[in-house]
Amino acid sequence: MIELESVDFKYPGNSTNILEDFNLTVEDGEFLCVIGHSGCGKSTLLRLVAGLDLPQKGEIRIDGSPITGPGAERTIVFQQYSLFPWLTVKKNVLFALKKSGKYGKKEANARAELFLEKTGLRDHMDKYPYQLSGGMRQRTAIARALALDSPFLLLDEPFGALDTKIRKELQTLLKDLWEKGEQKKTVIFVTHDLDEAMIMGSRIVFIRDGKVRHEKRIDSGINCCCRDDLGQADCLQLKEELARWYE
Ligand code: ADP
């Protein structure tokens, strides 16, 4: 479980809080999508949960323990592919697995291959990032994050830089891997795209003026319905409701 309790956060040198008396609980196995106007603090929220920044006030806990910095139980994926350009696809994944210290050489190798297979990169394992399309690079980042098998996955607009077709493919892939995981990961997924939130989220929260202002649980049937055809009545109705949050 991830808990943020009465959190205040401002960037050094700034006078205004980005998050103020911010409260949010993310239950185990939730796929939480975070939406809100640009600049409302979505990425800041993820950075705080990742332990990359620390709040001035309040507490953030993972399974009851206060966060004091980054930890192996949390993996963050950014919009910009954070791959090492001098390592091949497979070696990028292996490097992270080695660094985690969780896997022996043989096991790490098998895991890297397994997750590259699952993400459709089997034939590209020995390529360097510059030889890949944007979609494939982001697939590698996702494969790496999933192979690490940390229970908490923090995704900051991971598909934001991709074109619609590739984005849809990766949304389906990620949701399938999340659904089929032996133990469902707890995901916080930041997006500015309502359609994406409707396809992916088991809950959607809306941030404005430093706080969660709206939230809605989404049935998995609605996720599927939106994935198949965003023009269906249930999806249009949900989208209208979410759009009203921005008014
Ligand atoms: P969002 O992800 O919702 O677009 P961010 O969390 O990135 O918003 O940013 C929230 C606010 O904090 C914005 O006004 C942004 O300009 C500001 N901000 C983000 N990063 C920094 C930083 N490193 N230093 C100062 N201000 C920042």
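Remarks
- The set of residues in region 27-40 being crowded, with 21+ Cβ neighbours inside 10 Å and within 12 Å of the ligand (Cβ to nearest atom) consists of 34, 35, 36, 40.
- Identity of the residue in region 71-108, touching a residue at least 60 places away in the same chain (Cβ under 8 Å) and of a type in the set (Ser, Thr, Tyr), that ends up nearest to residue 158 (Cα to Cα): 81
- In the set (1) of a type outside the set (A, V, I, L, M); (2) under 25 Å from residue 213 (Cα atoms); (3) within 16 Å of the ligand (Cβ to nearest atom); (4) in the same structural domain as residue 200 (by TED's automatic domain parsing), the condition left unmet by residue 21 is number (3).
Yes/no matrix, rows are residues, columns are (1) out of contact with any strand residue (DSSP E or B) (no Cβ under 7 Å at 6 or more places or on another chain); (2) among the hydrophobic types (A, V, I, L, M, F, W, C); (3) outside the structural domain of residue 177 (by TED's automatic domain parsing); (4) farther than 23 Å from residue 155 by Cβ:
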residue	(1), (2), (3), (4)
17	no, no, no, yes
27	yes, no, no, no
30	no, no, no, no
41	no, no, no, no
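- Of all the residues in region 143-157, those that are basic (Lys, Arg) and surrounded by fewer than 23 Cβ atoms within 10 Å (Cβ to Cβ) number 0.
- Residue 160 fulfils the conditions (1) assigned to a helix (DSSP H, G or I); (2) touching a helix residue (DSSP H, G or I) at 6+ places or on another chain (Cβ under 9 Å) except for a single criterion, (1).
- Test: residue in region 155-164 that is in contact with a strand residue (DSSP E or B) (Cβ under 7 Å, 6 or more places away or on another chain) and over 20 Å from residue 25 (Cα atoms): yes
- With respect to the conditions (1) modelled with pLDDT under 95; (2) assigned to a loop (DSSP other than H, G, I, E, B), residue 76 falls short on a single one, namely (2).
- Residue in region 41-49 that is in contact with a Lys or Arg (Cβ under 8 Å, 6 or more places away or on another chain), exposed (fewer than 15 other Cβ atoms within 10 Å of the Cβ) and modelled with pLDDT of 95 or more present: no
- Residue match in region 81-98 (condition: modelled with pLDDT of 95 or more and within 16 Å of the ligand (Cβ to nearest atom)): no
- Positions within region 50-68 being surrounded by 14 or more Cβ atoms within 10 Å (Cβ to Cβ) and not aliphatic (A, V, I, L, M), in sequence order: 51, 53, 55, 57, 58, 61
The values are calculated or read from the model by the stated rules, or taken from the named source; none is laboratory data. This one's a predicted model, so the numbers in the text were calculated from it and none came from an experiment. Virtual Cβ from ideal backbone geometry, glycine too; neighbours counted across all protein chains shown.
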